[in-house]
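Structure first, then comments.
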Amino acid sequence: IADALQKQQNLSVEKYNLYKGSYSLDGHYGPEPFIVDGNGVPKFNEAPSDEGMEGVIRNLNGATEFDSGVFADLFSNLFVNSIDANKKLTDALDQTANTTAIFGTDSMGTAFNMVARLIATRELRGVDRDFFFIPHSNWDAHNKLEWNLNTNLADLDNAINAFSTEMKTEGLWDSTTIIQASDFGRSLEPNGGDGTDHAWGGNYMMIGGAVSGGKIVGKYPEVLTDDGPEILERGRIIPTLSWDEIIAPIAEWTGVSHVSVKDVCP
């Protein structure tokens with residue numbers, strides 16, 4: 001989506017991974033995704049051994065000789081550009097007021113708080129669209145399913161509630177969409193450890209001010225036993241709606257042309 005918006009619509013787009021890198025935001029065009037944590041982007045060389053160290057680093061990586069290697073030049077250019085991008089984002093966050101909604105201190109709360117703060121810097125960064133990826137683990141509950149769900153869903157609910165409150169306060173909720181996804185579903189039948197095992201079909205949620213919500217899209221199984229036509233052994237559900245069908249309307253909503261959606265969702 002970001003590639004299409006930049007190449008075809010000439011929009012400025014930035015992408016952010018929370019806590020760690022993810023293939024979800026990788027593309028073939030434009031700048032690489034940032035990796036930030038709940039405190040923002042780590043400052044480059046925050047405690048230098050010499051006051052002029054950054055200048056030395058820039059001069060060293062800016063020097064090009066007749067016999068300089070193309071790969072060395074590429075590395076140096078990317079390195080210096082990364083330093084500049086780091087400083088730009090750090091300055092933008094420093095100039096932006098903190099959020100007013102009450103976010104939790106767990107990983108989900110701090111991640112959504114940082115996303116809200118980054119969105120608030122959009123004008124300082126000069127971007128038209130932002131994409132964020134927030135990972136959340138501990139859903140692979142082969143045991144203690146009830147405890148895991150109660151804990152994780154409470155953190156998720158509190159984080160999304162605070163985030164939506166902040167976006168509504170800023171007048172941005174109608175311009176924001178959250179997609180919850182997982183790389184696999186869970187079996188309906190439990191295992192012997194008070195948990196469930198890997199399966200196929202699962203639930204995906206879409207949340208936002210512009211979303212026509214309160215609906216189940218797709219076919220809900222009429223029979224949940226292994227005799228059901230959409231059920232494999234041990235309650236593994238066969239999906240009735242593909243992931244592309246969820247992403248395609250999101251792509252168009254962000255500004256990707258109808259003709260170009262096939263490139264986003266081949």
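The values are calculated or read from the model by the stated rules, or taken from the named source; none is laboratory data. Worth saying up front: this structure is predicted, and the values here are computed from it rather than measured. Ideal geometry is used to build each Cβ from the backbone, glycine not excepted, and the neighbour counts take in all protein chains shown. The accessibility values were calculated without ligands, DNA or RNA, using every heavy atom of the protein model including side chains. Shrake-Rupley method; radii C 1.70, N 1.55, O 1.52, S 1.80 Å.
Return the subset of K15/K168; K20/K87; K7/K215 for which the Cα-Cα distance in this structure is over 26 Å, preserving the input order.
Numbers: K15/K168 22 Å; K20/K87 19 Å; K7/K215 34 Å.
The answer is K7/K215.
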Inter-site label distance for L74 and C265 at 7 Å from Cα along Cβ, in nm: 3.4
Measuring from the longest principal axis of the C-alpha atoms of the chain, the long axis of helix 145-169 (C-alpha) lies at a number of degrees, nearest 10, equal to 50
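Carbon-plus-sulfur fraction of the accessible area of the range 19-160, 1.4 Å probe, in percent?
On the way: 5050 of 9360 Å².
Taking all protein chains in place, the range 19-160 shows 54 percent carbon and sulfur surface.
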When the chain is modelled as a GNM with alpha-carbon springs shorter than 10 Å, which of K20, K168, K144 fluctuates the most? K144
Mind computing the radius of gyration and Dmax over the alpha-carbon atoms of the chain? Å is fine for both. 22.1, 73
Given a Förster distance of 22 Å, the FRET efficiency implied by the Cβ-Cβ spacing of Q8 and M205, rounded to the nearest 0.05, works out to 0.15
The chain: angle of helix 53-62 to the longest principal axis, Cα-based, in degrees nearest 10: 90
Take the Cα gyration tensor of the range 151-266, multiply each eigenvalue by 5, square-root it, and list the three semi-axes largest first, rounded to whole angstrom. 30, 21, 11
Where only protein heavy atoms count, and the probe is 1.4 Å, what is the accessible area per residue for the chain in Å²? 63
Once both axes come from the Cα atoms, what is the angle between helix 243-254 and the longest principal axis of the chain, in degrees from 0 to 90, rounded to 10? 50
When we measure straight from the Cα of K144, which aspartates and glutamates land under 15 angstrom away, once same-chain ones fewer than 8 places off are left out? E189, D194, D197
Sites S212 and H258, calculated FRET efficiency, Cβ-Cβ separation with R0 25 Å, nearest 0.05: 0.85
Only residues of the range 178-222 count here: report those whose backbone N is under 11 Å from the spot 7 Å along Cα→Cβ of N143, or say none. 192-195
Cα centroids of the range 16-68 and the range 226-253: how far apart, whole angstrom? 40
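Per DSSP H run of at least 4 residues, take -39500 (n - 2.57); add these up for the chain, divide by its residues and hand me the 222 nm value, nearest 500 deg cm²/dmol.
Working: 8 runs with 101 residues, N = 266.
Taking each H run of at least 4 residues, the total per residue is -12000 deg cm²/dmol.
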